[in-house]
Amino acid sequence: MIRDKNWFSRLFDSFNYVFLTAFAVLCLLPLIHIFAVSLSGRAPATGGFVSFWPLDFTLENYQEVMGSRTFLRSFMISVARVLSGTSLNMALVILTAYPLSKSPRVFKGRTIFIWFFVFAMLFDGGLIPSFLVVRSLGLLNTLGALILPNAVPIFSVILMMNFFRDVPKELEESALIDGASHWKVLWYIYIPLSLPAIATLTLFAAVNHWNAWFDGLIYMTDNANYPMQTFLRTVIVTLDLTQVGISPQDLQRLSDRAIRGAQIIVATVPILVVYPFLQRYFISGIKLGAVKE
Amino acid sequence: MTLQQYLRRAWPLYVMIVPGIVFVLLFRYYPMYGVVIAFQDFSPAKGFLNSPWIGWANFEFFFSLPYFGRIFGNTLIISVSKIVLDQVGAIILALLLNEARHLFFRRSIQTLIYLPHFLSWIVLGGILLDILSVRGILNQGLGLIGIESQLFLGSNDWFRGTVIASGFWKNVGFSTIVYLAALTAINPVLHEAAAIDGAGRFRRIWHITLPGIRPTIVLLAALSLGDVLQAGFEQILTLYNPAVYRTGDIIDTYVYRTGLISAQYSLAGAVGLFKSFIGFILIVISYWLADRYAGYRIL
């Protein structure tokens, strides 16, 4: 351990600690402000008197949000989406990555298959053709429109494939000699050895599904089918009070400033809950994509 | 080995890859075929196959529009500013974090600065609209020190700056991860040897730490080339309004409004294809550069 004892170095240290603390606080402060607003009475919130501590403390705003049928409906759609979408993503990531992780000798045609996926990742048909395809498949206003178009996250497939390639080949070879099929090798050798990578990619997929809102906006023409983030857009961002399908009174109530704050917090809490797990894994997740020798 | 012998062992591999191929064909390649609408006078009733072909007319029309220069200019200005600020900011932050020796302190700071990356632009947009409004907390704070209220999201003077700054705020913490990973790979013996030879702290940062992460800096600079047409669609769609189209309208938001709000599918499809095409070339170049100068391959 090196110790730098001169005064300039110590001054730098103090400055460094202060600066980093200030920056971290800056990342959190807006959230704290909204949290304080969400716990405040309507009058001080709307009047703009709340800073970082609630005034006229109340839980009424949260009761209002959780008692709103339209909010709860969109919340449940998001939960359904996260559960089904993430499972589908991970099943396809694992199934696709396993054959691609083999050498062309074991899996003939690997090179062609891999370029099939990589090209699909690099070239984007664009928003309009994608929309027209989803519509022509009759998926508008169904959960399918939210989970099927991105069912195969190709970048995750590549990360998973790179991870699978680092699994020692001896394990697999001895299992195959003993007569195990590739199904068994995948299930009993590869998946158990890749749990950290699978956990990382699962959490990222789940967070993406929870946070997604644009597909809900374009694929759900009836806003009774909006997932939560899309619903929140109408309430807290565009303040569009003329939307059909949601009663004007309900929307009017939900767009009150303190209640908007409560909805933002409710949308954030699930992220905060999984965040510690997410954080534990994403350093190793990042290493997956690092420079290969 | 005969084909039969090969397949007896290998057939599950082909079964496994089929679902992935079906989804990618349907939702990635079929839309790629759908780019033909850019060369058609597309109508949904006739579909991709039967709409009349009109050659380059959509492109010619688009290039003649005054929006053409505006949306490309805005896209480039916003995305390049974001890339430069984000990378420079992440390098500085990573170096500062690396100098903070107290492990618990470091971990806590990391936890906090990664967080905004995981919140959606709807949540952050809701927060920003609130704190940046005329009576929001930022303008109140400015009022206390005698500065009058600014329309951060409603004036062309401020909009780009607000977008760039809020994008920086959301992502810079998370961008430090790659650099921090590179910093941990630097052999501490180098630092110790230099210290014994009398190198002070800042000399060591300059001559050991920075060269140690230089390959990572080069790599990310190369890869960022692939992002110069990505100015942040979800962010801008959340934050902008017609008053700031002049400085804030980007290619993606224009495509969205033209195609999905006004239903001019062919025109929007042409603009989208133009962007996809340039974007594809940029990504290929960036991967080539990353391979050439940083030895990076995704496969």
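The values are calculated or read from the model by the stated rules, or taken from the named source; none is laboratory data. Nothing here was measured: the structure is a model prediction, and the numbers come from that model. Heads up, the Cβs are rebuilt from the backbone with ideal geometry, glycines too, and the neighbour counts pull from every protein chain shown.
What pairs come up if the first residue lies in segment A:16-43 and is farther than 25 Å from B:I122 by Cα, the second is among the β-branched types (V, I, T) and assigned to a helix (DSSP H, G or I), and their beta carbons are under 7 Å apart, counting only those six or more places apart or on different chains?
Correct list of pairs: A:L20/B:I109.
For B:F59, state whether it is in a helix (DSSP H, G or I) and at pLDDT below 90.
Taking the combined requirement at face value, the residue does not satisfy it.
Taking B:D86, is it more than 8 Å from every other protein chain (Cβ to nearest Cβ), surrounded by 15 or more Cβ atoms within 10 Å (Cβ to Cβ) and either of a type outside the set (A, V, I, L, M) or farther than 30 Å from A:M160 by Cα (or both)?
yes
Looking only at segment A:228-249, decide whether some residue is at pLDDT below 80, in a helix (DSSP H, G or I) and away from every other protein chain (no Cβ under 11 Å).
Let us first name the residues in segment A:228-249 that are at pLDDT below 80, namely A:236-249.
Applying the additional criterion that residues be in a helix (DSSP H, G or I) yields A:236-237, A:248-249.
The next check asks that each one be away from every other protein chain (no Cβ under 11 Å); those that pass are A:248-249.
Yes - at least one qualifying residue is present in segment A:228-249.
Yes or no: A:I177 within 23 Å of the chain's Cα centre (by Cα), at negative phi and either at pLDDT below 95 or more than 9 Å from chain B (Cβ to nearest Cβ) (or both)?
no
Which residues, counting only those in segment B:236-253, are part of a helix (DSSP H, G or I) and within 11 Å of another protein chain (Cβ to nearest Cβ)?
Within segment B:236-253, B:L237, B:T238, B:L239, B:I251, B:D252, B:T253 qualify.
Output the residues belonging to segment A:251-265 that are at pLDDT 70 or above and more than 10 Å from chain B (Cβ to nearest Cβ). Full working, then the answer.
Step one: list which residues in segment A:251-265 are at pLDDT 70 or above, which gives A:256-265.
Those that are at pLDDT 70 or above and more than 10 Å from chain B (Cβ to nearest Cβ): A:D256, A:A258, A:I259, A:A262.
For segment A:1-92, which fully contained helices (runs of 4 or more DSSP H) count at least 2 residues that are within 8 Å of chain B (Cβ to nearest Cβ) and within 25 Å of the chain's Cα centre (by Cα)?
The qualifying helices (runs of 4 or more DSSP H) are A:7-38.
Go through B:I109, B:I127, B:I137 for me and flag whichever is modelled with pLDDT of 90 or more, at the interface with chain A (Cβ under 7 Å from one of its Cβ atoms) and either in contact with a Ser or Thr (Cβ under 7 Å, 6 or more places away or on another chain) or buried (at least 22 other Cβ atoms within 10 Å of the Cβ) (or both).
B:I109
I'm trying to understand the selection: among the residues of segment A:136-149, which are at the interface with chain B (Cβ under 8 Å from one of its Cβ atoms) and either more than 30 Å from B:G259 (Cα to Cα) or part of a helix (DSSP H, G or I) (or both)?
A:S136 - this is the single residue of segment A:136-149 that is at the interface with chain B (Cβ under 8 Å from one of its Cβ atoms) and either more than 30 Å from B:G259 (Cα to Cα) or part of a helix (DSSP H, G or I) (or both).
Residue-wise test of (1) under 30 Å from B:L95 (Cβ atoms); (2) among the aromatic types (F, W, Y); (3) surrounded by fewer than 18 Cβ atoms within 10 Å (Cβ to Cβ).
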position	(1), (2), (3)
A:D13	yes, no, yes
A:A36	no, no, no
A:V50	no, no, no
A:D56	no, no, yes
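Hey, does segment B:160-179 have a residue that's closer than 15 Å to B:Q235 by Cβ and not in a helix (DSSP H, G or I)?
Checked against the condition, which is being closer than 15 Å to B:Q235 by Cβ and not in a helix (DSSP H, G or I), segment B:160-179 yields no hits at all.
Just one of (1) closer than 19 Å to A:T86 by Cα; (2) of a type outside the set (K, R); (3) part of a helix (DSSP H, G or I) trips up A:V152, so point out which.
(3)
Could you please let me know if B:I283 is among the hydrophobic types (A, V, I, L, M, F, W, C), surrounded by 15 or more Cβ atoms within 10 Å (Cβ to Cβ) and modelled with pLDDT under 90?
On the way: among the hydrophobic types (A, V, I, L, M, F, W, C): yes; surrounded by 15 or more Cβ atoms within 10 Å (Cβ to Cβ): yes; modelled with pLDDT under 90: no.
It is false that B:I283 is among the hydrophobic types (A, V, I, L, M, F, W, C), surrounded by 15 or more Cβ atoms within 10 Å (Cβ to Cβ) and modelled with pLDDT under 90.
Looking at B:A290, B:A222, which one is at pLDDT below 90, away from every other protein chain (no Cβ under 11 Å) and assigned to a helix (DSSP H, G or I)? Quick ask: steps written out before the conclusion?
Working: B:A290 fails: away from every other protein chain (no Cβ under 11 Å).
Every option except B:A222 fails the conditions.
Need the failing condition index for B:M1 against (1) in a helix (DSSP H, G or I); (2) more than 14 Å from B:S266 (Cα to Cα), just the number.
(1)
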